[in-house]
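See below for the structure under consideration.
Just so you know, all these numbers are worked out from the coordinates, no wet-lab data involved. Predicted, not measured: the structure shown is a model, and the values here were computed from it. Here the Cβ positions follow ideal geometry from the backbone for every residue, glycine too, while neighbour counts run over all protein chains shown.
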Amino acid sequence: MTASTPNPATPEQLTQIGHAAAQLIEPGQTVGLGSGRASHAFVRALAARLAREKFSILGIPTSNSTEKLARELGIPLGSLETISTVDIAVDGADEVTPDFDLLKGGGGDLLREKVVASISRRFVIVVGHEKLVPCLGDKFPVFIEVVAFALPVVVRHLQTLGGQAAPRLTPDGKLFLTDKDGFIPCLLAGEILATHQRDPGEIYRQFTSEFGESVYERVEAPANTAQKALLAKLSPSQVKATQLAGEAITAILTKAPGNNQPIGGLKVATANGWFAARPSGTEAIYKIYAESFKGREHLNRLITEAQQLVGDVVADAGS
């Protein structure tokens, strides 16, 4: 990491950044509300525009601090329980390269930021000039959020990449925890650069070139009480399909592989995608969670066929 750091954006510059981003929002949109100084400037500018122009949106905050700010400013908020797609998300970043690789997570809100970004049709990054760098790891380590159980495994794997992982601490020396009580080992990107002669952004592009860029979405479909009960108690043998989105089905699960406990629904996987379907506990719907490594078109096909597959299985089970 380099020693020199440009002065951070001034409050006046952040106000200008926030105002420019707020102009991108259209009436009736679902908007991801990011975290950090620039994102909070956007939230303030958006609230001012809503009050001035008298239109409404629905905000999805990415952190506790952003949620608190949005509520104080009177921005209507929703949750992912009822929202499956975000029209536009505006968030900050710790570093941005000329190739638009991003380093995020300095504020400790990695999980919620990534989830909201993954379901956003448009993703806008707002930063001051001090966040522009020639390569990732120029000023910050790479932040990674890890659940406590997985921490030793993740640290060992990072070391195989040539990185040195160190726990992130609070200013008073305590272990830093995210909003979701996750640990953050800080991966020193300079170690990866020295070992592989490539920064983390280049390595990530290699992974996506080899395995595909992940695209994720959650959708909902209507289901009555009887249909939800059938879905919750399915067995793999009840799925007759052998293909999903043009690929052979490689796994059909109704129990978790790790402990053989029921997952309360169905998961179907192929070489380049998967979906999971689970009934809602409170609404007359079931939810489909789907991910593709072949892009948006493949994901859309996967979701369409998943709904048909689930409908057929539930209909057969109830006959």
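Things worth noting here:
- Computed from the Cβ-Cβ distance with R0 of 22 Å, the FRET efficiency linking Glu297 to Ala241 stands at 0.65.
- Cα centroids of the range 14-29 and the range 242-262: 43 Å apart.
- Within the straight-line cut-off of under 18 Å between alpha carbons, the lysines reachable from Lys255 are Lys228, Lys233, Lys240, Lys267, Lys287, sequence neighbours fewer than 8 places apart in one chain being disregarded.
- Residues Arg301, Arg156, ranked from the fewest to the most other C-beta atoms within 10 Å, line up as Arg156, Arg301.
- Judged by the mean number of other Cβ atoms found within 10 Å, the most tightly packed of the peptides 227-233, 62-68 leads the ranking 62-68, 227-233.
- Shape category assigned to the range 220-267 from the gyration tensor of Cα positions, a/c cut at 1.5: oblate
- Per-peptide packing, taken as the mean over residues of other Cβ atoms within 10 Å, places 266-279, 122-135 in the sequence 266-279, 122-135 from highest down.
- Estimated from the Cβ-Cβ distance and a Förster radius of 25 angstrom, the FRET efficiency linking Thr160 and Leu253 is about 0.30.
- In this structure, the amide hydrogen of Ser120, modeled 1.01 Å from its nitrogen in the peptide plane, lies closer than 5 angstrom to those of Val86, counting only residues at least 5 positions away or on a different chain.
- Close amide-amide hydrogen proximity is noted between Trp274 and Glu291, each under 5 Å apart and 5 or more residues distant or on a separate chain (H modeled in the peptide plane; Pro and chain starts excluded).
- Radius, Kirkwood style, for the range 1-127 when every pair of distinct Cα atoms is counted (Å): 14.7 Å
- Modelled label positions at Val153 and His129, each set 7 Å beyond Cα in the direction of Cβ, lie 4.6 nm from each other.
- When each of the peptides 235-248, 32-45 is scored by the mean number of other C-beta atoms lying within 10 Å of its residues, the order from highest to lowest reads 32-45, 235-248.
- Per DSSP, loop GluC sites (Glu not before Pro) in the range 70-127 with at most 16 further Cβ within 10 Å: Glu81
- Computed E for Thr10/Ala284 - FRET, C-beta separation, R0 51 angstrom, nearest 0.05: 0.50
- Taking 7 Å steps out from each Cα toward its Cβ at Arg122 and Phe55 produces label points 1.1 nm apart.
- Between the range 210-227 and the range 67-128, the alpha-carbon center distance in angstrom: 21 Å
- Distance in nm between pseudo-label sites at Ala226 and Asp99 (7 Å out along the Cβ direction from Cα): 5.6 nm
- Residue order, fewest to most surrounding Cβ atoms within 10 angstrom, among Ser120, Ser79, Ser214: Ser79, Ser214, Ser120
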